[in-house]
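The values are calculated or read from the model by the stated rules, or taken from the named source; none is laboratory data. A quick note: this is a predicted structure, and the numbers were derived from the prediction, not measured. With ideal geometry, Cβ positions are generated from the backbone for all residues, glycine too; neighbour counts draw on all protein chains shown.
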Amino acid sequence: MICMLKNKMMHAILITSGVVLMICIYYLWSHFTGDTKPTTAKVFARIESIYGGEITDFATVGHTYEIVLHKQNEQYNLTINAATGDVESLAYLEKTIDKKNIKTKKHMSKKIKKLYPNSEFKVHLTEQAGAVVYRATISQDNGEVEIILNARTGEVISENQAVKHTALISTKEALRIAAEQEAGKVEATEFIKTTSGGYYLITLSEGQTKIVLQIHGTSGELISKTIKE
(Lines give C-alpha, C1' and ligand atoms only; values in the text may rest on other atoms or scores of the structure.)
Protein backbone atom coordinates (compact mmCIF):
# COMPACT_ATOMS: atom_id res chain seq x y z
CA MET A 1 0.00 0.00 0.00
CA ILE A 2 2.78 2.37 0.98
CA CYS A 3 4.64 1.51 -2.22
CA MET A 4 1.58 2.34 -4.30
CA LEU A 5 1.22 5.74 -2.61
CA LYS A 6 4.89 6.46 -3.18
CA ASN A 7 4.54 5.56 -6.85
CA LYS A 8 1.50 7.83 -7.27
CA MET A 9 3.27 10.71 -5.53
CA MET A 10 6.35 10.20 -7.67
CA HIS A 11 4.17 10.15 -10.79
CA ALA A 12 2.43 13.39 -9.77
CA ILE A 13 5.77 15.05 -9.02
CA LEU A 14 7.12 14.03 -12.42
CA ILE A 15 4.04 15.43 -14.20
CA THR A 16 4.21 18.70 -12.25
CA SER A 17 7.94 19.00 -12.91
CA GLY A 18 7.33 18.40 -16.61
CA VAL A 19 4.70 21.14 -16.79
CA VAL A 20 6.94 23.59 -14.94
CA LEU A 21 9.83 22.70 -17.23
CA MET A 22 7.68 23.29 -20.33
CA ILE A 23 6.57 26.68 -19.00
CA CYS A 24 10.18 27.64 -18.28
CA ILE A 25 11.31 26.54 -21.73
CA TYR A 26 8.49 28.51 -23.40
CA TYR A 27 9.29 31.60 -21.32
CA LEU A 28 13.00 31.43 -22.16
CA TRP A 29 12.27 30.81 -25.85
CA SER A 30 9.85 33.72 -25.97
CA HIS A 31 12.30 35.96 -24.16
CA PHE A 32 15.24 35.26 -26.45
CA THR A 33 13.25 35.20 -29.71
CA GLY A 34 11.23 38.29 -28.85
CA ASP A 35 7.95 36.39 -29.28
CA THR A 36 6.11 38.44 -26.67
CA LYS A 37 3.20 40.70 -27.49
CA PRO A 38 4.21 44.29 -26.77
CA THR A 39 1.90 46.44 -24.70
CA THR A 40 -0.06 49.24 -26.35
CA ALA A 41 1.98 51.82 -24.47
CA LYS A 42 5.26 50.32 -25.69
CA VAL A 43 4.01 50.21 -29.28
CA PHE A 44 2.93 53.86 -29.18
CA ALA A 45 6.16 54.97 -27.50
CA ARG A 46 8.19 53.16 -30.17
CA ILE A 47 6.19 54.74 -33.02
CA GLU A 48 6.55 58.24 -31.56
CA SER A 49 10.27 57.66 -31.09
CA ILE A 50 10.80 56.42 -34.66
CA TYR A 51 8.72 59.06 -36.46
CA GLY A 52 9.29 61.94 -34.07
CA GLY A 53 5.62 62.85 -33.79
CA GLU A 54 2.72 62.55 -31.37
CA ILE A 55 -0.15 60.05 -31.53
CA THR A 56 -3.38 62.04 -31.31
CA ASP A 57 -5.93 59.30 -32.01
CA PHE A 58 -6.13 55.52 -32.36
CA ALA A 59 -8.57 52.64 -32.68
CA THR A 60 -8.19 48.87 -32.36
CA VAL A 61 -9.41 47.12 -35.51
CA GLY A 62 -9.14 43.34 -35.34
CA HIS A 63 -5.48 42.51 -34.77
CA THR A 64 -4.22 45.98 -35.70
CA TYR A 65 -4.01 49.50 -34.32
CA GLU A 66 -5.20 52.34 -36.58
CA ILE A 67 -3.15 55.33 -35.45
CA VAL A 68 -3.24 59.03 -36.34
CA LEU A 69 0.21 60.55 -35.91
CA HIS A 70 0.61 64.32 -35.77
CA LYS A 71 4.04 65.63 -36.79
CA GLN A 72 4.67 69.36 -37.05
CA ASN A 73 1.90 70.54 -39.42
CA GLU A 74 1.19 67.16 -40.99
CA GLN A 75 -0.89 64.11 -40.10
CA TYR A 76 -0.29 60.47 -41.00
CA ASN A 77 -2.37 57.32 -40.67
CA LEU A 78 -0.48 54.19 -39.60
CA THR A 79 -1.66 50.59 -39.39
CA ILE A 80 0.27 48.70 -36.70
CA ASN A 81 0.32 44.95 -36.11
CA ALA A 82 -0.84 44.67 -32.49
CA ALA A 83 0.97 41.37 -31.93
CA THR A 84 4.40 42.47 -33.17
CA GLY A 85 4.30 46.26 -33.13
CA ASP A 86 5.40 46.35 -36.78
CA VAL A 87 4.17 49.08 -39.14
CA GLU A 88 2.02 47.50 -41.86
CA SER A 89 1.17 50.70 -43.72
CA LEU A 90 1.67 54.44 -43.53
CA ALA A 91 -0.37 57.04 -45.43
CA TYR A 92 -0.25 60.83 -45.54
CA LEU A 93 -3.55 62.27 -44.36
CA GLU A 94 -3.37 66.01 -44.68
CA LYS A 95 -1.46 69.12 -43.82
CA THR A 96 -3.00 70.89 -40.88
CA ILE A 97 -3.56 74.58 -41.46
CA ASP A 98 -3.66 77.38 -38.95
CA LYS A 99 -7.26 78.59 -39.34
CA LYS A 100 -6.91 81.59 -37.07
CA ASN A 101 -8.32 84.83 -38.54
CA ILE A 102 -9.27 83.32 -41.90
CA LYS A 103 -12.52 83.73 -43.82
CA THR A 104 -14.97 80.86 -43.66
CA LYS A 105 -15.64 78.65 -46.67
CA LYS A 106 -19.24 79.91 -46.68
CA HIS A 107 -18.06 83.52 -46.86
CA MET A 108 -15.68 82.78 -49.72
CA SER A 109 -18.35 80.83 -51.60
CA LYS A 110 -20.62 83.90 -51.53
CA LYS A 111 -17.79 86.02 -52.92
CA ILE A 112 -17.15 83.54 -55.75
CA LYS A 113 -20.87 83.46 -56.61
CA LYS A 114 -20.82 87.24 -57.00
CA LEU A 115 -17.75 87.06 -59.24
CA TYR A 116 -19.12 84.17 -61.33
CA PRO A 117 -22.93 84.13 -61.12
CA ASN A 118 -24.79 81.03 -62.36
CA SER A 119 -21.57 78.99 -62.48
CA GLU A 120 -20.76 75.77 -60.67
CA PHE A 121 -17.55 75.74 -58.66
CA LYS A 122 -15.48 73.82 -56.14
CA VAL A 123 -13.45 75.52 -53.43
CA HIS A 124 -11.05 74.25 -50.77
CA LEU A 125 -8.61 75.63 -48.23
CA THR A 126 -4.91 74.98 -48.81
CA GLU A 127 -1.45 76.51 -48.59
CA GLN A 128 0.61 78.10 -51.33
CA ALA A 129 4.10 79.47 -50.89
CA GLY A 130 3.59 79.55 -47.12
CA ALA A 131 0.32 81.51 -47.33
CA VAL A 132 -3.14 80.18 -46.46
CA VAL A 133 -5.39 80.48 -49.53
CA TYR A 134 -8.65 79.30 -51.00
CA ARG A 135 -8.35 77.60 -54.38
CA ALA A 136 -11.52 77.55 -56.48
CA THR A 137 -12.29 75.91 -59.83
CA ILE A 138 -15.21 77.44 -61.73
CA SER A 139 -16.87 75.53 -64.59
CA GLN A 140 -17.87 77.61 -67.62
CA ASP A 141 -19.02 76.87 -71.17
CA ASN A 142 -15.63 77.72 -72.69
CA GLY A 143 -13.59 75.85 -70.09
CA GLU A 144 -12.59 76.19 -66.46
CA VAL A 145 -11.34 79.15 -64.47
CA GLU A 146 -9.06 78.63 -61.49
CA ILE A 147 -8.80 81.44 -58.97
CA ILE A 148 -6.75 81.73 -55.80
CA LEU A 149 -7.95 83.97 -52.99
CA ASN A 150 -6.22 85.18 -49.85
CA ALA A 151 -7.93 83.25 -47.04
CA ARG A 152 -7.58 86.12 -44.55
CA THR A 153 -8.53 89.11 -46.70
CA GLY A 154 -10.64 87.51 -49.44
CA GLU A 155 -8.55 89.26 -52.12
CA VAL A 156 -8.21 87.50 -55.48
CA ILE A 157 -4.51 86.68 -55.88
CA SER A 158 -4.63 85.08 -59.32
CA GLU A 159 -7.06 84.01 -62.03
CA ASN A 160 -6.26 81.53 -64.79
CA GLN A 161 -8.43 80.49 -67.72
CA ALA A 162 -8.07 76.89 -68.86
CA VAL A 163 -9.22 76.37 -72.46
CA LYS A 164 -11.57 73.45 -72.87
CA HIS A 165 -10.45 71.03 -75.57
CA THR A 166 -12.78 68.79 -77.50
CA ALA A 167 -12.57 65.22 -76.26
CA LEU A 168 -10.07 63.03 -78.10
CA ILE A 169 -11.30 60.12 -80.15
CA SER A 170 -10.26 56.73 -78.82
CA THR A 171 -7.57 54.52 -80.35
CA LYS A 172 -10.30 52.07 -81.31
CA GLU A 173 -12.16 54.82 -83.20
CA ALA A 174 -8.94 55.92 -84.94
CA LEU A 175 -8.32 52.33 -86.08
CA ARG A 176 -11.87 52.11 -87.42
CA ILE A 177 -11.32 55.29 -89.46
CA ALA A 178 -8.00 53.91 -90.75
CA ALA A 179 -9.71 50.67 -91.84
CA GLU A 180 -12.23 52.70 -93.83
CA GLN A 181 -9.38 54.46 -95.64
CA GLU A 182 -7.05 51.54 -96.39
CA ALA A 183 -7.02 47.76 -96.09
CA GLY A 184 -4.10 46.10 -94.37
CA LYS A 185 -2.68 44.71 -91.17
CA VAL A 186 -2.07 47.17 -88.34
CA GLU A 187 1.67 47.31 -87.63
CA ALA A 188 1.83 50.23 -85.20
CA THR A 189 -0.32 52.90 -83.56
CA GLU A 190 1.09 56.06 -81.99
CA PHE A 191 -0.55 59.18 -80.59
CA ILE A 192 1.31 62.49 -80.91
CA LYS A 193 0.08 65.19 -78.52
CA THR A 194 -0.04 68.80 -79.79
CA THR A 195 -1.49 72.11 -78.57
CA SER A 196 -4.49 71.61 -80.86
CA GLY A 197 -5.29 68.18 -79.44
CA GLY A 198 -2.94 65.83 -81.26
CA TYR A 199 -3.10 63.15 -83.96
CA TYR A 200 -2.73 59.41 -84.46
CA LEU A 201 -0.09 57.82 -86.67
CA ILE A 202 -1.33 54.40 -87.80
CA THR A 203 0.94 52.15 -89.85
CA LEU A 204 -0.67 49.47 -92.02
CA SER A 205 1.02 46.78 -94.12
CA GLU A 206 -0.27 45.14 -97.29
CA GLY A 207 2.29 42.70 -98.67
CA GLN A 208 5.52 44.66 -99.17
CA THR A 209 3.70 47.99 -98.98
CA LYS A 210 3.47 50.07 -95.81
CA ILE A 211 0.90 52.83 -95.43
CA VAL A 212 1.12 55.50 -92.72
CA LEU A 213 -2.12 57.36 -91.96
CA GLN A 214 -2.21 60.58 -89.95
CA ILE A 215 -5.63 61.02 -88.30
CA HIS A 216 -6.68 64.10 -86.33
CA GLY A 217 -7.10 63.29 -82.63
CA THR A 218 -10.31 65.26 -82.07
CA SER A 219 -12.12 65.47 -85.42
CA GLY A 220 -11.07 62.07 -86.78
CA GLU A 221 -10.25 63.59 -90.18
CA LEU A 222 -7.52 62.07 -92.35
CA ILE A 223 -4.67 64.60 -92.36
CA SER A 224 -2.22 62.74 -94.57
CA LYS A 225 -1.43 59.36 -96.13
CA THR A 226 2.09 58.15 -96.90
CA ILE A 227 2.73 55.00 -98.97
CA LYS A 228 6.08 53.22 -98.71
CA GLU A 229 6.82 50.51 -101.27
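List of remarks:
- Considering region 1-117, the qualifying helices (runs of 4 or more DSSP H), each wholly inside and each with 1 or more residues that are touching a Leu at 6+ places or on another chain (Cβ under 7 Å), at pLDDT 80 or above and over 30 Å from ILE157 (Cα atoms), run over 40-51.
- Apart from one condition, TYR134 fits all of (1) surrounded by 15 or more Cβ atoms within 10 Å (Cβ to Cβ); (2) of a type outside the set (A, V, I, L, M, F, W, C); (3) modelled with pLDDT under 85; the exception is (3).
- Exactly one residue out of ILE177, ILE169 is out of contact with any strand residue (DSSP E or B) (no Cβ under 6 Å at 6 or more places or on another chain), in contact (Cβ under 8 Å) with a residue 40 or more places away in the chain and buried (at least 16 other Cβ atoms within 10 Å of the Cβ), and it is ILE169.
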